[in-house]
Amino acid sequence: MTDAERFSLVMGLMPMGFDGARDPRVPSDARPSAGYVPGVPRLGIPALRETDGSLGITNPSGFRAGDTATALPAGLALGATFNPKLARETGVILGREARAKGFNVLLGGGMNLARDPRNGRNFEYLSEDPLLSAVLASEQVIGTQAQGVISTIKHFSLNANETNRHRLDAIIDPTAHRESDLLAFQMALERSEPGAVMSAYNKVNGVHASGNDLLLNGVLKGDWGYRGWVMSDWGAVHGWRDALHGLDQESGSQLDERIWFDQPLKEAYAQGQFPKSRLSDMVRRILRSIYAVGLDQPPPQPAIDTAQHHAAALEVARQGIVLLKNEGMLPIAAGKQRIAVIGGQAHLGVLAGGGSSMVTPPGGFAATVPLGGEGNMAAVRNMSFLPSSPLAELRKLLPDASFSYNPGASPAEAAALARRSDLAIVFGVRHESEEFDSPDMSLPFGQDALIEAVAAANPNTLVVLETGNPIAMPWHSKVKAIVEAWFPGQAGGQAIAEILTGKVNPSGRLPMTFPANAAQTPRPELPGFGTPYGAPVTAHYREGAEVGYRWYAKTGAKPLYAFGHGLSYTKFAYRDFTVSGGEAPTASFTVQNVGGRSGADVPQVYLTEAAGEKRARLLGFEHVELRPGEARRITMTIDPRLLSRFDAKAGRWRLSKGTYRLAVGKNAGDLAITADLKLAPRLLGR
């Protein structure tokens, strides 16, 4: 390759600007999308045509007229399924739709650990746990790359808050970092080998992630031997020297202060400051992924099976909805009754998250409300509803009931309707978006007062939440049932109705702990709250590796709902829990459906004590469907790193000698049976 050809592969452009204008350097055959990197026709190297795609193939600002895609449920909804098979299926859908639309790089794979319940981008991610996040993210990557489309995982690392993210410095103990967020990425990379890793906007311990030599060269490429390439996030490069520190490709380069990997990098090369060997390494990594995934010989372009993809989105929503509370109110019985449906635009559709993951669904949005604000993404900060109306779907499943809808703008008016109804369903919504954190955990627009008023007027009140995060529930004890539907995607209204009426037995489990209030969290005050846009922010992640449920085990605080919590319309029991040691420890137990109807359970195995130290770690889980009375024996193989500590001096994982206590149960706060495992000391890999 010539130097000009090499340099052409390390710098990507956005094919369109926010004003809709095309960059003159982008060829006319590049479809409007997130990014474009020219190929090398002389050598048969294809162009990289990149699309955002965490929750479906996006159409930024509608620049591709009439182009829609399957709008999948939020990442947290997928996380709540605890079902790797569904994660693989969504990856296949993303890959097929990307390729059918002419794209060959999917900028999906969001898997940052959810450390803060106010983070505006948590809805794109999967969970607060390294194992759950790694398993589901890797399955998505495998599904996508099997379609001849490169998949990425992102954002490497510690993109755990959005407030002033370009200027945020994430401070964490390096060893704790290895045992939490980095372990999640490591396990996902080992399981799936994505073609690219996307670096984060934020700094990590004082150094921007896109130029963090310790993370990119030291950990990712050195310790882990990652063979793909590292691309920047859009607008996240701060100098040509980032190429020396492990960044292989500048993405969306028009958003940077300068296009660093064009003239500045070429000048450094000419002056001998940037070695040819490093340029060759950057290009080799990109080419390796192109050929490993098969971009040079993609499979035949498929027709999009919209019905099949809709059915998959529906199934993720069904399995991801979590029944948090049920005091005998659900499922709603068929028959003649007066039902009040209140708030949340439930007559129109279901809420979607905002930002670069926003997908235009078939038929367009049911409603869009521009919210605005400060920052680069304020112009596209929209509260959008997907056209799947819970009210319409409830009417289909309960044809004998009489429904009345109230928008919930006036608590007094809504309470009056509730008072003359047999039961009331209140839909609580909270919009979340990239670049914007929520200042607290409350529902906006006075919805907490609305729920209080309705519950006071009618004791038979249930709440359906469409949120991208845990919320505080000051009305918790006053309602009979609570359902967390997340942002449930294009079939969300149907899934909600099926859960409420019992057509589908709920099986979702919380992928995030629901705190009682923000005071229970490691940072009661939101980092950077109230500072001007663009101001420097420091987030001290003092909890280190004790993220989420691990924090509650350490502090002894009792959350509102534990990680892994979720109710069913049937009951499950566990027995005969045994563990064994060796190179790959195992845990075995029998789970039985002891209730009266078929359903799915998600038994979870945890570490609770390690060689005399109290320590909470999810070690394994399984989504299992059982008929009434049916029992199944389950055996889980445990990654020994989850039992270990990272030894920074040795640069390896160290398993200490001693007794390890394991437990199986319904969630992190409800562990039914324990068993002890004796292990010998040993050093593991990096």
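The values are calculated or read from the model by the stated rules, or taken from the named source; none is laboratory data. Given the structure is predicted, the values throughout are model-derived calculations rather than measurements. Methodologically, a virtual Cβ is constructed for each residue, glycine included, from the backbone with ideal geometry; neighbour enumeration extends over all protein chains shown. With ligands, DNA and RNA removed, areas are computed over all heavy atoms of the protein, side chains included. Shrake-Rupley method; radii C 1.70, N 1.55, O 1.52, S 1.80 Å.
Looking across ALA418, ALA414, ALA456, ALA424, one residue alone is open to solvent by 10 Å² or more (accessible area, probe 1.4 Å) and not acidic (Asp, Glu). It is ALA456.
Would you say ARG597 is in contact with a Phe, Trp or Tyr (Cβ under 8 Å, 6 or more places away or on another chain) and either more than 27 Å from LEU567 (Cβ to Cβ) or not in a strand (DSSP E or B) (or both)? For ARG597, the condition - in contact with a Phe, Trp or Tyr (Cβ under 8 Å, 6 or more places away or on another chain) and either more than 27 Å from LEU567 (Cβ to Cβ) or not in a strand (DSSP E or B) (or both) - is met.
Checked against the criterion of being surrounded by fewer than 24 Cβ atoms within 10 Å (Cβ to Cβ) and of a type in the set (Lys, Arg), the candidates ARG96, ARG121, ARG64, ARG115 yield just one match: ARG64.
When segment 611-634 is examined, which residues are found to be among the charged types (D, E, K, R), over 17 Å from ASP670 (Cβ atoms) and within 26 Å of the chain's Cα centre (by Cα)? Residues satisfying the conditions are ARG615, GLU625.
Determine whether LEU72 is open to solvent by 10 Å² or more (accessible area, probe 1.4 Å) and in a loop (DSSP other than H, G, I, E, B). Break it down stepwise before answering.
On the way: open to solvent by 10 Å² or more (accessible area, probe 1.4 Å): yes; in a loop (DSSP other than H, G, I, E, B): yes.
When the stated conditions are applied, LEU72 passes them.
Being crowded, with 24+ Cβ neighbours inside 10 Å, outside any helix (DSSP H, G or I) and either among the small types (Gly, Ala, Ser) or touching a residue at least 60 places away in the same chain (Cβ under 8 Å) (or both) is true of GLU128. Of the strands (runs of 3 or more DSSP E) contained entirely in segment 637-686, those carrying at least 1 residues that are more than 23 Å from ASP173 (Cβ to Cβ) fall at 658-667, 670-679. Within segment 255-314, the set of residues being more than 21 Å from ALA4 (Cα to Cα), in a loop (DSSP other than H, G, I, E, B) and polar (S, T, N, Q) comprises GLN297, GLN301. Cβ-Cβ contacts under 7 Å between residues 6 or more apart (or on different chains), taken from a first residue in segment 212-229 that is over 14 Å from PHE185 (Cα atoms) to a second residue that is in a loop (DSSP other than H, G, I, E, B) and open to solvent by 40 Å² or more (accessible area, probe 1.4 Å), are listed as ASN212/HIS245; ASP213/HIS245; ASN217/HIS245. Among residues of segment 364-387 being over 30 Å from GLY530 (Cα atoms), in contact (Cβ under 8 Å) with a residue 60 or more places away in the chain and in contact with a Leu (Cβ under 9 Å, 6 or more places away or on another chain), the one that is most open to solvent (accessible area, probe 1.4 Å) is PRO387.
Just for segment 439-453: of the residues that are part of a loop (DSSP other than H, G, I, E, B) and either without any contact (Cβ under 8 Å) to a residue 60 or more places away in the chain or in contact with a strand residue (DSSP E or B) (Cβ under 7 Å, 6 or more places away or on another chain) (or both), which one is surrounded by the most Cβ atoms within 10 Å (Cβ to Cβ)? Show your work before the answer.
Step one: of segment 439-453, the residues part of a loop (DSSP other than H, G, I, E, B) are 439-446.
Restricting the remaining residues to those that are either without any contact (Cβ under 8 Å) to a residue 60 or more places away in the chain or in contact with a strand residue (DSSP E or B) (Cβ under 7 Å, 6 or more places away or on another chain) (or both) gives 442-446.
Working: SER442: 17, LEU443: 24, PRO444: 15, PHE445: 15, GLY446: 14.
Ranking the qualifying residues of segment 439-453, first place goes to LEU443.
Only one of the numbered conditions (1) open to solvent by 50 Å² or more (accessible area, probe 1.4 Å); (2) modelled with pLDDT of 95 or more; (3) more than 29 Å from the chain's Cα centre (by Cα) is violated by SER598, and that is (3).
Does segment 567-594 hold any residues that are part of a loop (DSSP other than H, G, I, E, B), open to solvent by less than 20 Å² (accessible area, probe 1.4 Å) and under 30 Å from MET329 (Cβ atoms), and which are they? Full working, then the answer.
Step one: of segment 567-594, the residues part of a loop (DSSP other than H, G, I, E, B) are 568-571, 581-585, 594.
With the extra rule that they be open to solvent by less than 20 Å² (accessible area, probe 1.4 Å), the set shrinks to 570, 585.
Passing the criteria: only THR570.
One residue alone among THR608, THR637 is of a type in the set (Val, Ile, Thr), open to solvent by 70 Å² or more (accessible area, probe 1.4 Å), within 29 Å of the chain's Cα centre (by Cα) and farther than 30 Å from GLY596 by Cα, and that residue is THR637.
Of the residues making up segment 131-151, just one is within 25 Å of GLY354 (Cβ to Cβ) and open to solvent by 10 Å² or more (accessible area, probe 1.4 Å), namely GLN140.
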